[in-house]
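Structure, as structure tokens:
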């Protein structure tokens with residue numbers, strides 16, 4: 001999963017990036033794009049690793065992108081160069097200032113949210129209009145456009161001109177014919193309200209729409225926490241009433257927002273977590289590991305994590321009948337432990 005961290009100047013994007021990645025930004029490179037790959041914490045992997053004692057333990061990973069940008073809301077329109085870097089992200093983390101600014105400036109998170117949302121919709125609208133112009137030109141030259149694609153693009157233009165982000169229209173946000181456009185306003189959005197040290201409250205706002213969620217982070221506190229030893233962190237968590245570090249909470253909410261789950265492969269050589277979308281059939285999950293496994297798929301030998309823990313061992317789970325064989329269309333569940341049988 002790749003998440004791009006966006007937000008207006010002064011919102012604390014860099015602070016949040018450093019807190020989530022535990023990676024300080026080199027001051028000499030602060031005006032360049034920053035990328036950090038973070039391990040997804042999962043106690044199930046820890047337990048499976050203790051059980052199998054593998055040579056390697058591989059967790060799922062999240063990639064955070066902090067794209068460089070000089071200014072937001074320029075009069076010339078959206079910074080297309082900036083947004084181009086964001087378009088290949090799976091989700092957006094929109095950092096919103098909800099703390100007192102310099103000179104006592106009161107926060108206006110909803111206003112800031114709307115400002116950047118409008119910039120993304122304008123950027124998408126430019127893409128849509130250019131594509132429709134190209135399709136119209138092709139039609140004049142005798143090249144017949146795809147009528148379904150044109151209809152979808154027309155609907156996109158209609159919603160964008162009405163200032164309606166595409167993520168709120170699932171049939172457009174999830175349309176296969178539109179995936180190549182990587183529309184910004186169609187991407188799942190986690191609104192991250194960056195509060196002051198003593199404020200844990202989520203601002204009053206309308207309920208999040210489709211493909212949208214919101215949560216609070218106390219950025220400066222979380223940055224300090226990310227730089228502490230385990231012993232120091234435990235005391236810090238208790239003092240500031242933080243149940244779980246922001247890194248873990250943001251990952252979990254991002255997974256939920258994207259509908260992501262994890263399945264596992266286990267053995268003496270390797271215990272590994274694999275990330276897929278919910279409702280993925282076994283055949284496609286096999287392809288996540290290797291195309292040869294997908295091509296030569298025979299059966300998936302499956303046991304749930306909970307059943308394995310209840311049995312105490314794979315052999316005992318097999319005796320109890322909780323290890324089962326599934327076919328290509330089996331829908332992989334979160335926590336499934338799978339051994340793919342294949343022949344190429």
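Couple of notes before you dig in:
- Packing, taken as the mean count of other beta carbons within 10 Å per residue, orders the peptides 113-125, 85-97, 48-60, 241-253 from highest to lowest as 85-97, 113-125, 241-253, 48-60.
- Restricting attention to region 1-138, close to 45% of DSSP beta bridges with both partner residues there are antiparallel.
- Rounded FRET efficiency, nearest 0.05, which uses the C-beta distance separating residue 51 from residue 206 and R0 of 56 Å: 0.75
- Mean separation of Cα pairs under 8 Å and 6 or more residues apart, divided by the residue count, gives region 220-330 a relative contact order of 17 percent.
- Value of relative contact order over the chain, rounded to a whole percent, pairs C-alpha under 8 Å and six or more apart: 18
- Between the beta carbons of residue 291 and residue 313, assuming R0 = 22 Å, the FRET efficiency works out to 0.10 to the nearest 0.05.
- Residues residue 230 and residue 39, FRET efficiency given R0 of 25 Å [Cβ-Cβ distance, rounded to 0.05]: 0.95
- Helical contribution to [θ] at 222 nm, DSSP H n ≥ 4, -39,500 (n - 2.57), averaged over the chain, rounded to 500: -11500 deg cm²/dmol
- Label point distance in nm, residue 270-residue 141, each placed 7 Å from Cα along Cα→Cβ: 4.6
- Whole-angstrom gap from region 119-170 to region 256-284, using each part's C-alpha centre: 35
- Separation between Cα centres of region 313-343 and region 1-45, rounded to whole Å: 37
- As computed over the chain, the Cα convex hull volume per residue (Å³): 190
- The fewest-to-most ranking of 258, 66 by surrounding Cβ atoms within 10 Å reads 258, 66.
- When 31, 159 are arranged by Cβ crowding within 10 Å, least crowded first, meaning fewest neighbours, the order is 31, 159.
- The orientation-averaged shadow of the Cα convex hull for region 279-342, equal to a quarter of the hull surface, comes to 4.0 nm².
Each value in this text was obtained by applying a stated rule to the coordinates, not by laboratory testing. Remember, it's a predicted structure, so these values are computed and weren't measured experimentally. Note that each Cβ is placed from the backbone with ideal geometry, even for glycine, and that neighbours are counted across all protein chains shown.
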